[in-house]
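Presented below is the structure to which this report refers.
Computed from the coordinates by the stated procedures, all read-outs in this text should not be read as laboratory data. Quick caveat: nothing in here was measured; it's all calculated off a predicted structure. Quick reminder, even Gly has a Cβ in these numbers, built from the backbone with ideal geometry, and neighbours come from all protein chains shown.
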Amino acid sequence: MATPIKAIWLLPTNIENLQMMLAQGLITDASGFIGSYYKDVLNECPGYVSLFKNEVPGTALSLAKSEDASLISCIIKINLKDIILGDCIHTRCDIEDSFNVDDVSPKVSNSVPIQSLQGKKTIELDYESILIQAPLPLSCIEEVIFSSKADLDEFKNASENLGNVSIKILKCKVDKKEFTPPVSSGDLFHNSFANLEHNSVEYTKTYSFGGLTSLSLYFSKNGEESASFFKSISEFSDNENYPLEYKWIYEYFFSNENDKFQKWNAILDVLNNNKKRNDIEYKNSIIEILNSSPKTQSIADFLTDYHRSKIEKSDTQIIEDFIDDYKKEPNKFKIQLFLFMLFYKDSVEKLINYNHPSFSEEEYVLLGMLFGMNSSFIGLPKWLVEYEGMHLYISTLMANYAHQKSNTGMKFKEPSKPLLLTDMLSPKKIEFIAWFAKSFDTNDSFETVMPNKDYQSVKGKKIYDGIIVPEYRILKDKFFNTMSSTVIDDKHYSEICKKFKGK
Amino acid sequence: MSKRIFDLPGIDELNKDQKAVLRLKESGQHLVIGGPGTGKSVVALLRARKFHQKNNYLFLTFNHVLNSSTKQICGIDLKSDTAQSWFYSLQFNLAPGDDFDLKKMPHKVDSNGREIQHSPDYDRVIERFDSYVDQNLSHLPATDTHLIIDEGQDLPVGFYESLQSLGYENFFIVADQNQQITEENSSRQELTDVLALDNDEVVELNENYRNSSAIAKFAQHFYTDKATPAPNLPDRASLDTPTFYIYQMVNSCVSMIHRESMRDTSKLIGVIVATETKRDSYTKFLSKATTGDDITVSSYSNESKQSVNIDFSMGGIVVLCDKSVKGIEFDTVFIVLDDLKVINNDSDAIKKRLYVMSSRAKEKLFLLRSAAIPNEVEELLPTDEKLMIRDNI
């Protein structure tokens, strides 16, 4: 008797949609696509990702090319093992038995815990397809199958020529026979599947969250303080000691109550909803908001005059003046500085390359969060997405955030967190610290402490008994001063991680 | 002075029309029509990148400045040339032996029988090319080369017919009829016909990606072409509405341009003027004003016959006459209206020039006019405050 094969779950689509999923960082139904979406099965059951068992029906493959014959189809093999909590809806072979007679909605018995599908042999599952509430993180992609090498090459070539499609995390293969399914007729899904109930997902907020966590991760290079901001936001947590600006952003993403930041939330709404990169229209919307209240009109006037080149003061001086004011009133909400930076350095790359001697560690990371939110995950530079472990980690954070916010009960296992520089520079990693100090010209950001042991002084030299291991300490301010003006790109980051792991 | 951030487009920045262009068959003849900022040059460059590894393409631009800019910012060692230089060399190199008369480009003649410079007599060129093909000359060019042509409307039909007579059959032309700046040019229909395309095979790009909506709306005020679709624009008041400054002292203009360049040294500031005299004087004023700063002021004259010495991959100030700016984009543009004149009551000609000039700006657009010199061009400017703000400096 032949051994039954393990059930595999397949998502047929086209390379344009696949590229969009990689760029936005999530596998979603049609409503979650930021840019142009091409009709495929993700449009058939709104709110759900439809997966087929072992074989993709011919209709589903044709659907992926239905908008334009020049589209190239591909099949994503989905791995369910990273889903640690959640149910799905199945369709059985004897599909009519799966529905209530009166309201033709799927019966309760159609709901299956996803874990119970994992590792099952095909013979044990009589489901033709399953529907999982969107979105899924990219870590669920096991591999992508193409029907020919030419299609795979076209996918690679086209992705290389796009500024935000990183395919480094993908395993791809060619298997023509997956694309020659038996001819099928009839609808892919029962009619009622077009109106299945589902919890709606706030996609724009989810993608903004991905942008802000990515940027806070980037700025964690500047020191312990920045790293702690990243750790908090990636754990969806607040900290009572954090500044107002963190609370403003945090509450926007995690609180459902109208709070003290209500009047400023309209600005975050604008940044959240601005998903067109290089589009400066969001500045107009912010000016409108500021103009709508006499209390903020002066900020609008200043930003408008600045934009029309009527302010003669230099930018460095403008920022210096803001910071001086905030020093006089330490608890003042730094909205003017933040808006000025958004208007003045209007892209993530520019912020990353910007250095102002008066900025604090806290200001960099908070600005990073705001800029990241404005750009969204899809607007991050490709090199940042290609930070080791970043793409899959942030994708999972976004998926967990989306499902938590929409109360679907789904949760995904987090891949390893990307290594943080400050964690890597632990006092015990002497060789690594020495290498880092030399390679990144940060020698004066460290000090060496000899243990308190007896020694003899011989000709001016201190001689200890046995092996003495000195301890290295980071000089916080000096480290910050150096690192805040150092750009760590993906190649630097890989090099640092490699050295840290001793490879 | 900082490196300009030039990124490949993100997948979310391309619309379905542009993506369809990228999926066009590798071989054959393709025509893409669209207004300024609709991403014509972007799709042309992405197509060149597609063929780059195989090295079987040539990217042709209309002028030297655009060729230089395209080469510097495309991110690959682009195989490119200006259409006319390449065509002259092709004609020269194909002529067998040392017969100078054959190597020399045949030119059209005026009513006095004098040769018109830079105006090839394409009928005679085609005759020669046909004979070379008939003779099966050993040094005929590889006709399977993919010719990617930017601003294809500025080249006459004869140019394309000559190449077709040599056997070239892979054309990818991007064009905008409203930006014709040469006397010898091709209309959309002529390009469609010369490529033997049906009208529905011509791809139209309609969405403006380059300019802010305020700038695009301002540029549209000068739109004269009915054959090319005007870019779609949102309708709203804007922070970045173009500003028309009437200045008392030229120094105020120079200070303002200088200040803008200092604000962000990665930005490219374009100062567009109407005449060589103005180009010269603004280049001098700005060079003096920026002495000691990390700002480069560069310029180029079509008349100087020198190679383009402008680094478009870096921020800085570039002073150019309007005839050299086609296809180039700047973050901020200052248009100096002084010396721009309506000739023979042809206000359409000036509108076309203003259209090209103003649509070069991505983020900010300023117009400058001396208070001492009234200019009739001002009458062509929009009076609606939503389209243009008037102010004095």
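Note on segment B:284-345: percent of Cα-Cα distances in each 5 Å bin, starting at 0 and stopping at the bin with the largest distance, equals 3, 13, 23, 26, 19, 10, 4, 2, 0. Full extension of the chain segment joining residue A:459 with residue A:310 gains 46.8 nm, where the gain is 0.36 nm per residue of separation less the Cα-Cα distance.
I need the Kirkwood Rh of segment A:428-503: take the reciprocal of the average 1/r across all distinct C-alpha pairs and report it in angstrom.
On the way: mean 1/r = 0.0691 Å⁻¹.
About 14.5 Å for segment A:428-503.
If the Kirkwood radius is taken over C-alpha pairs of segment A:190-321, then at 10 °C and 1.306 mPa s the Stokes-Einstein diffusion coefficient equals 90 µm²/s. Shape index of segment A:311-469: Rg/Rh, with Rg the Cα radius of gyration and Rh the Kirkwood radius from the inverse mean 1/r over Cα pairs, equals 1.11.
For residue B:301, no residue 5 or more places off, or on another chain, has a built amide H under 5 Å of its own.
Could you tell me what % of all Cα pairs in segment B:237-290 have separations over 18 Å? The partial results should precede the final answer.
Values: 560 of 1431 pairs.
Taking all Cα-Cα pairs of segment B:237-290, the fraction more than 18 Å apart is 39 percent.
Shape analysis of segment A:349-406 yields a ratio of the Cα radius of gyration to the Kirkwood radius, Rg/Rh, of 1.03.
Whole-Hz Karplus values for segment A:199-216 come out as 7, 6, 10, 8, 5, 4, 5, 4, 5, 4, 4, x, x, 5, 5, 5, 5, 5 Hz, taken residue by residue from phi with 6.51 cos²θ - 1.76 cosθ + 1.60 and θ = phi - 60°; glycine and proline positions read x. Taking all Cα-Cα distances within segment B:247-351, those exceeding 17 Å account for 52%. Taken about its Cα centre, segment B:263-393 carries a charge dipole of about 200 debye when Lys and Arg each add +1 at the Cβ and Asp and Glu each add -1 at the Cβ. The mean sequence distance of close C-alpha pairs (under 8 Å, at least 6 residues apart), as a share of the length of chain A, puts its relative contact order at 18 percent. In segment A:378-481, one over the average inverse separation of all distinct C-alpha pairs is 17.8 Å, which is the Kirkwood hydrodynamic radius. Each principal axis of the Cα atoms in segment A:261-386 has its own extent, and those three values, largest first, are 40, 33, 31 angstrom.
With Cβ to Cβ distances under 15 Å as the rule, what net charge do the other residues near residue A:118 carry (K, R +1; D, E -1)? Don't jump to the answer; show the numbers that get you there.
On the way: positive: A:6, A:53, A:77, A:81, A:120, A:121, A:411, A:413; negative: A:82, A:87, A:124, A:142.
Cβ neighbours under 15 Å give a net charge of +4.
Amide H contacts under 5 Å for residue A:9: A:54, A:78, restricted to partners 5 or more places along the chain or on a different chain, H placed in the peptide plane at 1.01 Å from N. Counting only residues at least eight positions apart within a chain, or on another chain, the aspartates and glutamates with an alpha carbon under 20 Å from that of residue A:6 are A:55, A:82, A:87, A:124, A:126, A:128, A:142, A:143, A:175, A:178.
Here the 3J(HN,Hα) profile of segment B:323-336, calculated from phi with Karplus coefficients 6.51, -1.76 and 1.60 at θ = phi - 60°, is 5, 9, 9, 4, x, 8, 10, 10, 5, 10, 10, 10, 9, 8 Hz, Gly and Pro shown as x. Stokes-Einstein diffusion coefficient for segment B:59-211 at 4 °C in a medium of 1.567 mPa s, Rh from the Kirkwood formula over Cα pairs: what value in µm²/s? The calculation lands on 77 µm²/s. Volume of the convex hull of chain A (Cα atoms only), normalised per residue: 214 Å³. Across the protein assembly as shown, Cα-Cα distances exceeding 57 Å account for 18% of all pairs. Our Cα-only numbers for segment B:1-74 put the radius of gyration and Dmax at 13.2, 43 Å. Sequence-distant contacts, meaning Cα pairs under 8 Å at least 6 residues apart, place the relative contact order of segment B:1-116 at 14 percent.
Note down the relative contact order for segment B:76-204 as a percent, whole number, built from C-alpha pairs under 8 angstrom at least six residues apart.
Values: 131 pairs, mean separation 22.7, N = 129.
Over segment B:76-204, the number comes to 18 percent.
Short to long, the 10 Å bins of the Cα pair-distance histogram for segment B:77-144 hold 18, 48, 27, 7, 0 percent of all pairs. For segment A:194-271, the alpha-carbon coordinates run over 50, 27, 21 Å along the three principal axes, in decreasing order. Close Lys pairs in segment B:230-359 (alpha-carbon distance under 17 Å; sequence gap of 8 or more, or different chains): 11. Taking the number of Cβ atoms within 10 Å of each Cβ as an exposure proxy, the fewest-first ranking of B:223, A:252 is B:223, A:252.
For chain B, the Kirkwood hydrodynamic radius from C-alpha pairs, put into Stokes-Einstein at 4 °C and a viscosity of 1.567 mPa s, yields a diffusion coefficient of 58 µm² per second. Of the residues B:358, A:479, B:39, the one whose Cα sits farthest towards the positive end of the charge dipole of the protein assembly as shown is A:479 (charges of +1 on Lys and Arg Cβ, -1 on Asp and Glu Cβ, taken about the Cα centre). Each residue of segment A:134-143 was assigned a 3J(HN,Hα) from its phi angle through the Karplus expression (A = 6.51, B = -1.76, C = 1.60, θ = phi - 60°), giving 6, x, 10, x, 5, 5, 6, 7, 7, 7 Hz with x at Gly and Pro. Distance between the modelled labels on residue A:149 and residue A:202, one decimal in nanometres: 4.9 nm (7 Å Cα→Cβ projection).
Would you mind working out the magnitude of the charge dipole of segment A:192-349 relative to its Cα centre, with +1 at each Lys and Arg C-beta and -1 at each Asp and Glu C-beta, to the nearest 20 Debye? Provide the component values of the computation, followed by the final result.
Values: 19 positive and 26 negative charges, 52 e Å.
Approximately 260 debye in magnitude.
Rounded to the nearest 20 debye, the dipole size of chain A about its Cα centre is 1700 debye, using +1 on the Cβ of Lys and Arg and -1 on the Cβ of Asp and Glu.
Helical runs assigned H by DSSP (4 residues or longer) give the protein assembly as shown a calculated mean residue ellipticity at 222 nm of -10500 deg cm²/dmol, each run adding -39500 (n - 2.57) before division by the residue total. Computing Rg and the Kirkwood Rh from the Cα coordinates of segment A:121-252 gives a ratio, Rg/Rh, of 1.09.
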